[in-house]
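Trainee: Got a structure for you, questions after.
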Amino acid sequence: MHDDLDRKIIHGLYCAPRTSFRRLGEVIGVSEQTVARRYNALRRDGVLRVVGLSSPTAHGRADWIARLRCRPDAAGPVADSLARRPEVGYASVASGGSEIICTIRSTAGTGRDDVLLRQLPKATSILDMSVDLLIHPFTAPGTAGWAGGRRSLTDGQVRQLTEQRPAPTGPPPAPTDEDRPLFEALAQDGRASHTHLAQATGWSAARVARRLEALEATGALTYGIDILTERLGYELNAILWLQVDLPELHRIGEELARHDECAFVSATSGRHNLMAVVICEDTPAFYHYLSGRLAGIEGIRGYEISVRARRLKQSVSLIHHGRLVHPALG
């Protein structure tokens, strides 16, 4: 089990993925060496991965959420196969063992040009499927996802970590071919040093620093934080599929994003116009959330729940023998 200091480090990395150990230690109130030791242990044990990602909007692509109902005997092999595809993220099998839920990165618009989206309906093992566009993600200020079940850092500490980070303006430009080695190295380790990235690209460390700053400033380079929530004591992971009154969509989405239990919230197309990934310690805590904070939100007309039974992939990390690993090592 991991303690509050680990959660503070994780929260700090959500706020500023490439911040130095020294800066993070100053904000948290511990030494640089302590932060480095804790972070390296989390990464070595496969509990945490920080990865650099190319923004999908820079390539005219978008994320889709797919729900696949399979024959029970085929769900496992189909899910394993999907999880290993580079365009698939957040793959899991829901309770009952016949539903697979995953995100698919494809062409924005209809998705008809994507090979995977054309192939899936033809698979005999898939009985039914729905694919909806993730239209608008909601993010609480100072975070980029679930940061250990609660806001471990104070608002003041979050501001210290984020005050120097520029807000992207306009659509991000697509990275160039020269950037490919840089993104490949960041996909291995989003916190790789400038020296390591210089070796991977053949550039100078100064050029690496300038290019990272430019890509981050335009939003072409983003970061994903993958964590194994079970290793932090949070066993229950579920997706809420919500039907909400359209005039209240934005308000409800923003309110959900502020809930510590919500790891991801997005407006979607389809029958449900809002989805939320909820992480709780156990079933009683999940019921307490449903009957308390969620029930107190006005404008929700209906909901479904998909409880995760087996998780196969985070944003870009496979889950292999209880550890987060690069897909090539899975």
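The values are calculated or read from the model by the stated rules, or taken from the named source; none is laboratory data. Since the structure is predicted, the reported quantities are computational estimates derived from the model, not experimental observations. Counting neighbours? That spans all protein chains shown, and the Cβs are built from the backbone with ideal geometry, glycine included. Just the protein is used for accessible areas: all its heavy atoms, side chains included, with ligands, DNA and RNA removed. Shrake-Rupley method; radii C 1.70, N 1.55, O 1.52, S 1.80 Å.
Trainee: For region 218-245, which residues satisfy the criterion of being under 22 Å from Thr268 (Cβ atoms), at pLDDT 90 or above and open to solvent by 40 Å² or more (accessible area, probe 1.4 Å)?
Mentor: Of everything in region 218-245, those that are under 22 Å from Thr268 (Cβ atoms), at pLDDT 90 or above and open to solvent by 40 Å² or more (accessible area, probe 1.4 Å) turn out to be Gln243, Asp245.
Trainee: Just wondering, is there one or more residues in region 13-33 that are under 23 Å from Leu134 (Cβ atoms), out of contact with any Lys or Arg (no Cβ under 9 Å at 6 or more places or on another chain) and free of Cβ contacts under 8 Å to residues at least 60 places away in the same chain? Outline the logic, then answer.
Mentor: Residues of region 13-33 that are under 23 Å from Leu134 (Cβ atoms), as a first pass: 14-15, 17.
Filter again for out of contact with any Lys or Arg (no Cβ under 9 Å at 6 or more places or on another chain), leaving 14.
Add one more test, that the residue is free of Cβ contacts under 8 Å to residues at least 60 places away in the same chain, and what stays is none.
Taking every residue of region 13-33 in turn, none turns out to be under 23 Å from Leu134 (Cβ atoms), out of contact with any Lys or Arg (no Cβ under 9 Å at 6 or more places or on another chain) and free of Cβ contacts under 8 Å to residues at least 60 places away in the same chain.
Trainee: In region 52-84, how many are in a loop (DSSP other than H, G, I, E, B) and surrounded by fewer than 16 Cβ atoms within 10 Å (Cβ to Cβ)? Walk me through how you get there before you give the answer.
Mentor: Applying the first criterion (in a loop (DSSP other than H, G, I, E, B)) to region 52-84 yields 55, 60, 71-74, 84.
Adding the requirement that they be surrounded by fewer than 16 Cβ atoms within 10 Å (Cβ to Cβ) leaves 60, 71-73, 84.
Final tally of qualifying residues: 5.
Trainee: Of everything in region 91-106 that's among the polar types (S, T, N, Q) and outside any strand (DSSP E or B), which residue is surrounded by the most Cβ atoms within 10 Å (Cβ to Cβ)?
Mentor: Narrowing region 91-106 to residues among the polar types (S, T, N, Q): 92, 95, 98, 103, 106.
Among the residues that remain, those that are also outside any strand (DSSP E or B) are: 95, 98.
Numbers: Ser95: 13, Ser98: 17.
That would be Ser98.
Trainee: If you take the residues of region 211-242 that are under 19 Å from Leu312 (Cα atoms) and among the acidic types (Asp, Glu), which of them is nearest to the chain's Cα centre (by Cα)?
Mentor: Asp226
Trainee: Going through region 207-219 one residue at a time, which ones are more than 15 Å from Pro181 (Cα to Cα) and touching a residue at least 12 places away in the same chain (Cβ under 8 Å)? Explain how you work it out, then say what you get.
Mentor: Going through region 207-219, the residues more than 15 Å from Pro181 (Cα to Cα) turn out to be 210, 213-214, 216-219.
Passing the criteria: Glu216, Ala217, Thr218, Gly219.
Trainee: To continue, here is another question. In region 246-265, what residues are crowded, with 20+ Cβ neighbours inside 10 Å, under 15 Å from Ile300 (Cα atoms) and not small (Gly, Ala, Ser)?
Mentor: Of everything in region 246-265, those that are crowded, with 20+ Cβ neighbours inside 10 Å, under 15 Å from Ile300 (Cα atoms) and not small (Gly, Ala, Ser) turn out to be Ile252, Glu255, Leu256, Val265.
Trainee: Of the residues that make up region 294-306, is at least one in contact (Cβ under 8 Å) with a residue 12 or more places away in the chain, open to solvent by less than 50 Å² (accessible area, probe 1.4 Å) and of a type in the set (S, T, N, Q)?
Mentor: Initially, region 294-306 is screened for residues in contact (Cβ under 8 Å) with a residue 12 or more places away in the chain, giving 294, 297-306.
From the residues that got through so far, the ones that are open to solvent by less than 50 Å² (accessible area, probe 1.4 Å) too are 294, 297, 299-300, 302, 306.
Narrowing further to those that are of a type in the set (S, T, N, Q): 306.
Taking every residue of region 294-306 in turn, at least one turns out to be in contact (Cβ under 8 Å) with a residue 12 or more places away in the chain, open to solvent by less than 50 Å² (accessible area, probe 1.4 Å) and of a type in the set (S, T, N, Q).
Trainee: For region 131-150, state whether one or more residues are surrounded by fewer than 18 Cβ atoms within 10 Å (Cβ to Cβ), among the small types (Gly, Ala, Ser) and either outside any helix (DSSP H, G or I) or modelled with pLDDT under 95 (or both).
Mentor: no
Trainee: Next question. Could you tell me whether any residue of region 7-21 is assigned to a helix (DSSP H, G or I), crowded, with 19+ Cβ neighbours inside 10 Å and either of a type in the set (Phe, Trp, Tyr) or at positive phi (or both)?
Mentor: Checking region 7-21: at least one residue is assigned to a helix (DSSP H, G or I), crowded, with 19+ Cβ neighbours inside 10 Å and either of a type in the set (Phe, Trp, Tyr) or at positive phi (or both).
Trainee: Out of region 266-277, which residues are touching a residue at least 40 places away in the same chain (Cβ under 8 Å), surrounded by 20 or more Cβ atoms within 10 Å (Cβ to Cβ) and in contact with a Ser or Thr (Cβ under 8 Å, 6 or more places away or on another chain)?
Mentor: Within region 266-277, just Met275 meets the criteria.
Trainee: All but one of (1) over 18 Å from the mean Cα position of the chain (by Cα); (2) open to solvent by 20 Å² or more (accessible area, probe 1.4 Å) hold for Phe286; state the number of the condition that does not hold.
Mentor: (2)
Trainee: From Leu48, Leu127, which residue is modelled with pLDDT of 85 or more, surrounded by fewer than 21 Cβ atoms within 10 Å (Cβ to Cβ) and of a type in the set (A, V, I, L, M, F, W, C)?
Mentor: On the way: Leu48 fails: surrounded by fewer than 21 Cβ atoms within 10 Å (Cβ to Cβ).
Only one candidate qualifies: Leu127.
Trainee: Sort out which residues of region 278-291 are in contact (Cβ under 8 Å) with a residue 60 or more places away in the chain and either basic (Lys, Arg) or under 24 Å from Leu133 (Cβ atoms) (or both), and write them in order of number.
Mentor: If the condition is that a residue be in contact (Cβ under 8 Å) with a residue 60 or more places away in the chain and either basic (Lys, Arg) or under 24 Å from Leu133 (Cβ atoms) (or both), then Ile279 is the only one that fits.
Residues are listed down the side, and each one gets a yes or a no for (1) of a type in the set (Ser, Thr, Tyr); (2) in a loop (DSSP other than H, G, I, E, B); (3) at pLDDT 95 or above:
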residue	(1), (2), (3)
Gly270	no, yes, no
Ile279	no, no, no
Tyr287	yes, no, yes
Ser291	yes, no, yes
Arg310	no, no, no
Ser315	yes, yes, no
Ile319	no, no, no
Ala328	no, no, no
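Trainee: Among the residues of region 192-203, is any more than 19 Å from Val50 (Cβ to Cβ), open to solvent by 40 Å² or more (accessible area, probe 1.4 Å), over 19 Å from the mean Cα position of the chain (by Cα) and hydrophobic (A, V, I, L, M, F, W, C)?
Mentor: For region 192-203, residues more than 19 Å from Val50 (Cβ to Cβ), open to solvent by 40 Å² or more (accessible area, probe 1.4 Å), over 19 Å from the mean Cα position of the chain (by Cα) and hydrophobic (A, V, I, L, M, F, W, C): absent.
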